[in-house]
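Everything on this sheet refers to the single structure shown next.
We did not get these values from a lab; they are worked out from the coordinates using the rules stated. Note that the structure is a prediction, hence the values are computed from the model and not measured. When we count neighbours, we look across all protein chains shown, and the Cβ atoms used for this are built from the backbone with ideal geometry, even at glycine.
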Amino acid sequence: MAAAAANGAGGGGGVPRPTNPMVTPLLTDLYQFTMAYAYWKAGKHLDRAVFDLYFRKNPFGGEFTIFGGLEECIRFIANFKLTDTEIIFLRSAMPTCEDGFFEYLSSIDCSDVAVYAIPEGSVVFPKVPLMIIEGPVAVIQLLETPFLSLVNYASLVTTNAARHRLVAGKPKNLLEFGLRRAQGPDGGISASRYCYMGGFDATSNVAAGRLFGIPIRGTHSHAFVSSFMGLDDIIDRTLASSDGSNKCEDFVSLVQNWLARIKDAGSLRGTFRETNLSELAAFTSYALAFPNSFLALVDTYDVMRSGVPNFCAVALALNDMGYKAAGIRLDSGDLAYLSVETRKFFRAIEEEFGFIGFGKMNITASNDLNEETIDALNKQVSVSAKLYDFIHFLWLNEAPVGELQ
């Protein structure tokens with residue numbers, strides 16, 4: 001076990017404050033303060049006590065849990081100090097308590113508290129203490145609720161992320177895009193952090209990327225695609241080559257030429273007719289903005305008759321300018337079927353135009369994926385399909401309910 005002693009004086013002795021400013025000594029249940037008063041009234045508040053933090057069963061009916069939240073607990077106790085404003089509030093909430101108790105509360109920190117813990121990120125099991133907290137009983141009592149709050153949700157999300165990683169397998173990229181579905185901003189920040197700890201590769205959450213150094217990823221939405229009316233919407237049509245040696249003055253025309261060539265290609269003739277030109281305009285505009293990382297959402301209208309051909313035209317035009325497209329994203333429909341058909345289309349492009357590697361273009365899936373759907377995709381889609389997964393998953397119904405005793 002790793003051991004840590006916390007010093008609450010001097011702003012935590014250099015230990016940063018909790019990430020969430022709402023994590024203060026008041027982030028607890030009232031009965032923790034009423035018990036502390038009873039300890040103080042009985043003269044027992046300085047008695048040494050040892051509490052264990054553990055949980056009774058694994059979440060999701062699983063066989064393991066991943067321990068998360070330790071760093072935030074250490075930050076909390078290292079900076080534990082009730083402010084004058086907080087003391088005033090407690091006086092109003094506990095009007096029958098003696099003044100001496102509030103003077104005692106004003107004086108306490110966690111300098112006499114020791115924490116022994118399993119390293120954060122470890123695989124843990126029911127009824128095995130994750131943390132052992134030793135110190136004055138009244139102080140430790142005040143730590144119970146915030147410790148459980150900091151550990152339970154963190155461990156839940158980390159475990160869920162690890163389970164998704166196990167189902168998806170190591171080769172897949174798992175990207176957490178759940179902020180908009182999270183349990184508020186606080187839940188969203190924590191979930192992005194602990195998804196990364198649990199094995200995800202990146203997040204869409206820009207704030208989490210800044211706070212925790214998590215790689216951030218993102219493409220575009222259906223709204224972006226539908227915002228274009230046609231190719232005339234694109235004003236600046238120029239694109240410099242990747243090495244800067246030349247410039248295409250009309251990248252839009254280059255894309256249109258490639259679309260015509262794809263349509264007339266022998267193995268692809270008849271697979272589609274007229275694609276949606278507003279979608280083509282959106283793809284072209286996005287490629288002009290991000291030629292080094294162009295990834296298109298192809299299901300706004302019709303995946304195989306519009307989205308995929310339009311993407312290929314833009315990708316081939318980018319290739320002429322020395323860039324390599326990043327791939328596509330599928331966000332609706334039969335993801336397994338569409339990924340297989342898209343892979344066939346990509347391979348046909350490679351064979352028709354001699355674009356080596358185009359057949360292995362990345363395919364990304366998103367929208368309500370979970371362990372069951374990822375497992376089904378893995379079984380339905382061959383390894384050669386290279387299906388990559390976005391995960392929208394922050395609505396979590398189970399928690400490894402911890403206890404501090």
Which angle from 0 to 90°, rounded to the nearest 10, does the C-alpha axis of helix 84-93 make with the longest principal axis of the chain?
70 degrees
Sorted by chain and number, the residues with a modelled amide H under 5 Å from that of Thr203, at a separation of 5 or more or across chains, are Glu176, Ile216, Arg217
With R₀ set to 25 angstrom, the calculated FRET efficiency between the beta-carbons of Leu166 and Ala114, to the nearest 0.05, is 0.10
Show that you can apply the helix-only estimate: for the chain, add -39,500 (n - 2.57) for every DSSP H stretch of four or more residues, divide by all residues, and state [θ] at 222 nm to the nearest 500.
-13000 deg cm²/dmol
So what is the relative contact order for region 139-280, in percent, with contacts set as C-alpha pairs under 8 Å and at least six apart?
17 percent
C-alpha long axis of helix 335-353 to longest principal axis of the chain, angle in °:
40 degrees
For the chain, take every pair of Cα atoms, bin their distances at 10 Å starting from 0, and report each bin as a whole percent.
5, 19, 23, 17, 13, 11, 8, 3, 1, 0
For the chain, please report how many Lys pairs fall under 22 Å Cα to Cα, leaving out neighbours fewer than 8 apart on the same chain.
23
How many nm separate the modelled label positions at Arg273 and Phe353, each set 7 Å beyond the Cα in the direction of the Cβ?
2.4 nm
Just the number, please: percent antiparallel of the DSSP beta bridges in the chain, rounded to the nearest 5.
60 percent
Mind listing the long-range amide H neighbours of Leu297? Cut-off is under 5 Å, sequence gap 5 or more, other chains count too, H placed in the peptide plane at 1.01 Å from N.
His220, Arg329
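Say R0 is 45 Å: what FRET efficiency, to the nearest 0.05, do Lys360 and Leu27 get from their beta-carbon distance?
Working from the Cβ atoms, E equals 0.35.
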Skipping prolines and chain starts, which residues have an amide H placed within reach, meaning under 5 Å, of the one on Lys57, given they are 5 or more residues away or on another chain?
Val401
Using only the alpha-carbon atoms, how far is helix 184-197 inclined from the longest principal axis of the chain? Give it as 0 to 90 degrees, nearest 10.
80 degrees
Candidates Cys312, Cys97, Cys73: whichever shows maximal mean-square fluctuation once the chain is modelled as a Gaussian network with Cα springs under 10 Å
Cys97
Note down the Stokes-Einstein diffusion coefficient of region 222-367 in µm²/s, whole number, using a Kirkwood radius over alpha carbon pairs, 4 °C, and 1.567 mPa s.
86 µm²/s
Calc'd 3J(HN,Hα), region 291-302, phi into Karplus 6.51 cos²θ - 1.76 cosθ + 1.60 (θ = phi - 60°), Hz, glycine/Pro = x, comes to x, 7, 9, 6, 9, 10, 7, 9, 10, 5, 10, 9
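Assuming R0 = 60 Å, can you tell me the calculated FRET efficiency for the pair Arg91 and Phe125, based on Cβ-Cβ distance, to the nearest 0.05?
So the FRET efficiency works out to roughly 0.90.
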